[in-house]
């Protein structure tokens, strides 16, 4: 059974939602990288802090790590026994980002995985980041995943449809 899981993908790809689903199913703790590596004003913490922060979850025997931060991805890949890449289209990602923003503003949902005490914002720089993510990061992720050996790698276009019962059987997927 998989015990060390990383979920990667662009903003709005469903990483945090999938992490929460898997955590509910397995009872594994979730480590949201946005929550760990961003300050409350959405600025990135100093990279010198990242190594110390990463030790919090990379020393664990089980857990789910949700987030990208490609400079820290090799350590997470080495730790993981299951890697899930949520590979959604740009349109889907943008739709989810806008939907999430308005649902949070209306009080219809809360966001998991964001920095503590941060306010939800939707800036044009972030929208452009989401718009360009597949073009600028997707192939880099695929290249990294091609070199992964002796680990289960799942690439999904729809993380909501992953069958967790099947996935967490020894002979799953």
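The values are calculated or read from the model by the stated rules, or taken from the named source; none is laboratory data. Remember, predicted model here, so these are calculated numbers, not experimental data. Using ideal geometry, Cβ is built from the backbone for each residue, glycine included, and neighbour counts are taken over all protein chains shown.
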Of the residues in segment 4-19, those that are modelled with pLDDT of 95 or more and surrounded by fewer than 20 Cβ atoms within 10 Å (Cβ to Cβ) number 0
Given the criteria over 21 Å from residue 135 (Cα atoms), modelled with pLDDT under 95, in contact with a helix residue (DSSP H, G or I) (Cβ under 9 Å, 6 or more places away or on another chain) and in a loop (DSSP other than H, G, I, E, B), does residue 51 qualify? no
The lone condition residue 112 fails out of (1) under 17 Å from residue 160 (Cα atoms); (2) at pLDDT 85 or above; (3) surrounded by fewer than 18 Cβ atoms within 10 Å (Cβ to Cβ) is (2)
Out of (1) in a helix (DSSP H, G or I); (2) farther than 26 Å from residue 100 by Cα, the one residue 36 does not meet is (2)
The number of residues in segment 119-166 that are under 14 Å from residue 77 (Cα atoms), touching a helix residue (DSSP H, G or I) at 6+ places or on another chain (Cβ under 8 Å) and not in a helix (DSSP H, G or I) is 4
Sole miss for residue 62 among (1) closer than 22 Å to residue 1 by Cα; (2) free of Cβ contacts under 8 Å to residues at least 40 places away in the same chain is condition (2)
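Residue-wise test of (1) touching a strand residue (DSSP E or B) at 6+ places or on another chain (Cβ under 9 Å); (2) part of a loop (DSSP other than H, G, I, E, B); (3) within 23 Å of residue 144 (Cα to Cα).
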| residue | (1), (2), (3) |
| --- | --- |
| 24 | no, no, no |
| 56 | yes, no, no |
| 61 | yes, yes, no |
| 65 | yes, no, yes |
| 68 | yes, yes, yes |
| 71 | no, no, yes |
| 77 | yes, no, yes |
| 85 | yes, no, yes |
Of those in segment 115-129 that are modelled with pLDDT of 85 or more and surrounded by 14 or more Cβ atoms within 10 Å (Cβ to Cβ), the residue nearest to residue 10 (Cα to Cα) is 129
